[in-house]
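Contents: one structure, followed by commentary.
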Amino acid sequence: MQRSITRGPQPQQSNILVTGGAGFIGSNFIRFVYEKTDFRGTIINYDKLTYAGNLLNLEDIAKKFGGKNYFFERGDICDYNKVKEVMNNHGITIIVHFAAESHVDRSIFGPKDFIDTNINGTFTLLEAARQLWTGRQDVRFHHISTDEVYGSLGDTGYFTETTPYDPRSPYSASKAGSDHLVRAYYHTYGLPVTLSNCSNNYGPYHFPEKLIPLMILNAIEGKSLPVYGDGKNIRDWLYVEDHCEAIWLILKRGKRGETYNVGGECEKQNIDVVKEICEMLDDLHPIKDNPHFRKLLPGISRYSDLIEFVADRPGHDRRYAINCDKIKKELGWLRKYSFEEGLRHTISWYLKNREWVERVRSGEYSSWIEKNYTTRNF
């Protein structure tokens, strides 16, 4: 079925459903929209509040805009009736779909949750949108995905929007499946969709199981810094605010049915990322001022002394790198933060927000992280 390419609704005046809005990128996106754009519409944050979702991420936004043009709805994206109810009640015209299980390590040990949320949940959202938006072109379903669906690169080359999919983990396979569903709903039903595949995000509110926040927090707490394999796996690092701006531009100017790759154009070996974190902490939070080291590790003179190489994880892709020429040329997007600027801001944020750290580490997360990262049974 051939579709003409048209532009979608103007997001600054829309009622936007943000799935997974209490998570890392989702909450940063909501914050970006209110603080950095000309938004005059309404955002409904729809989140199940699993271990990685935390309403503390948006506590100030809720106080300032709650009940007027910001609303929180707790719900599962797999709950079709709930999704339709929320969409109906709030007159949703744009869906920005962040909600996903996203940690590769978790997918290795518990793949079912990834199939349920990432594939079945996306299907449920698409079906609700198809039923409620029949025949409308003034609406938009934007799906956020990952560069991991493309597989692993060699020493050269870049992922483009036309790179064949080659997922290597249950996580990336589930995201690949959801991407294909979104495109199928465009081609089969004419549902107005856009997609974006991003590289590794980092920044404030990042859940502490991911590389950068894990290394920051382990270091300042005097714990070892576990690095998989030889540490030479390469990732392309994207500061989360740059990603949020890219999504906003896609909503404003992106062509329906199109995919846009969003990368930081900043390739780093994992070991180099960890070393840069250590060097910045030496400056921002010197060991001589850190009580953990005075009491527990008197022989440690710098944070990099905590680095420990551990057994590699199964199916660990060697290199990711994104070519994002399309979004730059078509939509005028450019990243604003260098890796050094973004990393320094991120470290400073974690040092200043210990209450947030303790909140997200409670309950299920606390037991999981102790079992899997402290005893190193990967």
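The numbers here are math on the coordinates, done by the rules we state, and not lab data. All values derive from a computational prediction rather than experimental measurement. As a convention, Cβ positions derive from the backbone with ideal geometry for all residues, glycine included, and neighbour counts pool all protein chains shown.
Taking Cα atoms of the range 90-135, Rg/Rh with Kirkwood Rh, to two decimals?
Details: Rg = 13.4 Å, Rh = 12.0 Å.
A ratio of 1.11.
Can you check what the net charge comes to around ASN323, using other residues whose Cβ is under 14 Å from the Cβ of ASN323 (Lys, Arg +1; Asp, Glu -1)? It would help to have the intermediate numbers written out before the result.
Working: positive: ARG319, LYS326, LYS328, LYS329, ARG335; negative: ASP147, GLU161, ASP236, GLU265, GLU267, ASP325, GLU330.
Result for the local shell: -2.
If one computes the Cα centroid of the range 199-226 and of the range 260-323, what distance in Å separates the two points?
8 Å
In whole Å, what are the extents of the range 272-363 along the principal axes defined by its C-alpha atoms, from largest to smallest?
So the extents along the principal axes, rounded to whole Å, are 55, 33, 32.
Tell me, in nm to one decimal, what length is gained between ASP138 and ASP155 on full extension, where the rule is 0.36 nm per residue of separation less the Cα-Cα distance? Provide the component values of the computation, followed by the final result.
On the way: separation 17, 0.36 × 17 = 6.12 nm, distance 4.32 nm.
Stretched out fully, the ASP138 to ASP155 stretch lengthens by 1.8 nm.
Which whole number in µm²/s is D for the range 137-291 by Stokes-Einstein, with the Kirkwood Rh taken over Cα pairs at 4 °C and 1.567 mPa s? Provide the component values of the computation, followed by the final result.
Numbers: Rh = 17.5 Å.
Estimated via Stokes-Einstein, D reaches 74 µm²/s.
What net charge is computed for the residues neighbouring PHE114, neighbours being all others with C-beta under 9 Å from the C-beta of PHE114, Lys and Arg scored +1, Asp and Glu -1? Walk me through the intermediate numbers first.
Working: positive: ARG106, LYS112, LYS175; negative: GLU101, ASP113, ASP116.
Local net charge: 0.
By what distance, in whole Å, do the Cα atoms of the range 227-308 stretch along each of the three principal axes, largest value first?
For the range 227-308, the Cα extents along the three principal axes come out at 58, 28, 16 Å.
Give me the distance in nm between label points sitting 7 Å out from Cα along the Cα-to-Cβ direction at LYS68 and LEU284, one decimal.
3.2 nm
Expressed as a whole number of Å, what is the distance separating the alpha-carbon centroids of the range 132-148 and the range 157-174?
Each part's Cα centre sits 20 Å from the other's.
Within the range 142-241, report the trypsin sites (Lys or Arg not before Pro) that DSSP leaves as loop and that have at most 15 other Cβ atoms within 10 Å.
Numbers: sites: ARG168, LYS175, ARG183, LYS210, LYS223, LYS232, ARG235; in loops: ARG168, LYS210, LYS223, LYS232.
Of the trypsin sites (Lys or Arg not before Pro), the ones in loops of the range 142-241 whose Cβ has at most 15 other Cβ atoms within 10 Å are LYS232.
With N residues in the chain, what two-decimal value do you get for its Cα radius of gyration over 2.2 N^0.38 Å? Intermediate results must be reported in sequence, preceding the final value.
On the way: Rg = 20.5 Å, N = 378, 2.2 N^0.38 = 21.0 Å.
That works out to 0.98 for the chain.
Rounded to the nearest 5, what % of DSSP beta bridges with both residues in the chain are antiparallel? Write out the running numbers ahead of the final one.
Numbers: 4 of 42 bridges.
Of those bridges, close to 10 percent are antiparallel.
Summing -39500 (n - 2.57) over the DSSP H runs of n ≥ 4 in the chain and dividing by its residue number, what mean residue ellipticity at 222 nm do you reach, to the nearest 500 deg cm²/dmol? Display every interim value, and only then the final one.
Details: 15 runs with 150 residues, N = 378.
Per the formula, -11500 deg cm²/dmol.
Determine the dipole magnitude for the range 119-225: charges of +1 sit on the beta-carbon of Lys and Arg, -1 on that of Asp and Glu, nothing else is charged, the reference point is the Cα centre, and the result goes in debye to the nearest 20.
Computed about the Cα centre, the dipole is about 280 debye.
Mind putting a number on the dipole of the range 13-104 about its Cα centre? Charges go on the C-beta only, +1 for Lys and Arg and -1 for Asp and Glu, and I need it in Debye to the nearest 20.
Numbers: 10 positive and 10 negative charges, 50 e Å.
The calculated dipole for the range 13-104 is roughly 240 debye.
Label the range 99-201 by shape, choosing from rounded, prolate and oblate, from the square roots a ≥ b ≥ c of the eigenvalues of the Cα gyration tensor; if a/c is under 1.5 it is rounded, and otherwise prolate applies when a/b is larger than b/c, oblate when it is not. Display every interim value, and only then the final one.
Values: a/c = 2.61, a/b = 1.47, b/c = 1.78.
Oblate.
According to the square roots a ≥ b ≥ c of the eigenvalues of the Cα gyration tensor, what is the shape class of the range 126-171, taking rounded for a/c under 1.5, prolate for a/b larger than b/c otherwise, and oblate for the remainder?
On the way: a/c = 4.53, a/b = 2.54, b/c = 1.78.
It is prolate, given that a/c is not under 1.5 and a/b is the larger ratio.
Given Cβ point charges of +1 (Lys, Arg) and -1 (Asp, Glu) and nothing else, what value in debye, to the nearest 20, does the dipole of the chain about its Cα centre take?
Using only the charged Cβ atoms, the result is roughly 860 debye.
With point charges of +1 on the Cβ of Lys and Arg and -1 on the Cβ of Asp and Glu, referenced to the Cα centre of the chain, which listed residue (THR124, LEU249, TYR70) lies farthest in the positive direction of the dipole?
So the residue furthest toward the plus end is TYR70.
Modelled label-to-label distance, ARG302 and LYS336, 7 Å Cα→beta-carbon offset: nm?
Computed distance between label sites ARG302 and LYS336 equals 3.3 nm.
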